[in-house]
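To start, the structure under review is shown below, and the notes come after it.
The values are calculated or read from the model by the stated rules, or taken from the named source; none is laboratory data. Bear in mind the structure is a predicted one, so any value in this text is a computation, not a measurement. Because the Cβ atoms are built from the backbone with ideal geometry, glycine has one as well, and the counts that use them run over all protein chains shown.
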């Protein structure tokens, strides 16, 4: 049956209605608007697209956005693993509070996070003036952008890895220890491979979020062209100049690079699953 | 059995054999645990707790009265109402979508299911600014559809419908992603039993499915609502930021902040942060109380 019809027979009612609502809303809200962007992009033509994206200002904005998003996601890979490990394995006062607080970046609107981080890390801010004493400026530099991106992408790795750590059976670790492996070796050779798929999923989610982030970054970034101007901000600037073509070109470049990156991460994930089994 | 348990309590301390503590092989040494906890807590304090504290301390920096007074301004009131209206429309729409999509994906087998799930997740990998741009292009005066709608008095871009659509775009997957794994896990045996006993499809949904998914649905709605009220990038692009008309709470924060109205900006931020904290508390309570009825990743 399955080979012939699009869906296998079921006694359950409501497929038509559910499919109707799903596809109508999905098309209206998401698919048709994205198609509109791609259609308008197709009108521009490749040569014009390359000329627009190839300008120094656009290239440096794209490079800044993707580089800092990657570095933030990388930092969160380590911090997220540490937080998840701590929450799953250690007992310490306030564990449940920390567990709940990890989702704070999901609960706090980006504009709120943006102005709070900026005042906190500005040269005259509570934390910023301490760093200023060491000659380190955070707000209005790349470091500030990175910090905001770390903030917004913090929960992803924790939330994907934590349940996997909780499901690891202690027997596996005991077996490894019995066979003479010390703790670090057990962690690297036994535990880490089991966590790799979840780590990569969290990394990809965090990266995607950080690349597109706008609200929390624009306050702390300083927004100097060529230096601290992120790609989403450049899209907004182009729109305010009514340069729709310019905005479309940057948006399409961002979409293309994002999908390419997610494709690579998916590929790595498939390879790691093949190597370590379906953990 | 450790030797020291057998010793009578009155035995002199010196008589105890040197006690060798068994090394626990499935955890890290104590110094490592302490160092990791201290490092992580410091980083989380710098990243999460201090910013939250900063919001409230800046809002109250000129006293409670000044903070409350800044909310009395008509633009601020309009922004609050607009944000509430946006969430009130966008969240139920996305909840309806989430239920329909989860019903379709969890209760039926059809081709292209994985592709459909990928499409539902699409808004997560699109920048909110790009989302706003897409909607602006589709409904703006530059497109045939937009020109037609404007000619017939339906303004989407730089108006409330655009804000609602942009909010729906960025929060689109939240409820569906929460419900799909829960409904997939529950299977369809209970619904089939109800149908066999003669219940109509609608009644089966209302009396069998809905009670099973209510906490997961509430969980998804909470997350969706938090993001909907706080959305900035997509709304900033499509709203045109017309004062007193298309300014939502997050846009009002930006405007006040850029005009150096620190108390006004942070009071509005504190209001949104409080809503976020209420959401976080409700979500945490759900995780503690109804863990078995939520998606697997929330079961701690």
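Assorted remarks:
- Only residues that are within 10 Å of another protein chain (Cβ to nearest Cβ) and part of a helix (DSSP H, G or I) were counted in the stretch B:239-254, giving 6.
- Residue match in the stretch B:55-67 (condition: part of a helix (DSSP H, G or I), closer than 24 Å to residue A:83 by Cα, at the interface with another protein chain (Cβ under 10 Å from one of its Cβ atoms) and free of Cβ contacts under 8 Å to residues at least 40 places away in the same chain): no
- Flag for residue B:109 being touching a helix residue (DSSP H, G or I) at 6+ places or on another chain (Cβ under 6 Å) and either within 26 Å of residue B:146 (Cβ to Cβ) or within 12 Å of chain A (Cβ to nearest Cβ) (or both): no
- Count of the stretch A:107-145 residues which are within 12 Å of chain B (Cβ to nearest Cβ), part of a helix (DSSP H, G or I) and surrounded by 21 or more Cβ atoms within 10 Å (Cβ to Cβ): 14
- Residue within the stretch A:179-197 that is surrounded by fewer than 17 Cβ atoms within 10 Å (Cβ to Cβ), under 18 Å from residue B:118 (Cβ atoms) and more than 15 Å from the chain's Cα centre (by Cα) present: no
- When A:37, A:68 are screened for being closer than 29 Å to residue B:173 by Cβ, assigned by TED's automatic domain parsing to the domain that holds residue A:153 and touching a helix residue (DSSP H, G or I) at 6+ places or on another chain (Cβ under 6 Å), only A:68 passes.
- Only one entry of A:54, A:45, A:16 meets the criterion of being closer than 30 Å to residue B:100 by Cα, more than 9 Å from every other protein chain (Cβ to nearest Cβ) and out of contact with any helix residue (DSSP H, G or I) (no Cβ under 9 Å at 6 or more places or on another chain), and that entry is A:16.
- Residue in the stretch A:19-42 that is nearest to residue A:249 (Cα to Cα), counting only those that are in contact (Cβ under 8 Å) with a residue 24 or more places away in the chain and more than 7 Å from chain B (Cβ to nearest Cβ): A:41
- In the condition set (1) assigned to a helix (DSSP H, G or I); (2) at pLDDT below 90, residue A:199 is compliant with all but (2).
- Residues satisfying the stated conditions in the stretch B:125-149, i.e. modelled with pLDDT under 90, at the interface with chain A (Cβ under 7 Å from one of its Cβ atoms) and in a helix (DSSP H, G or I): B:125
- Checking residue A:23 against (1) at pLDDT below 95; (2) over 26 Å from the mean Cα position of the chain (by Cα); (3) closer than 30 Å to residue B:102 by Cα, the condition it does not meet: (1)
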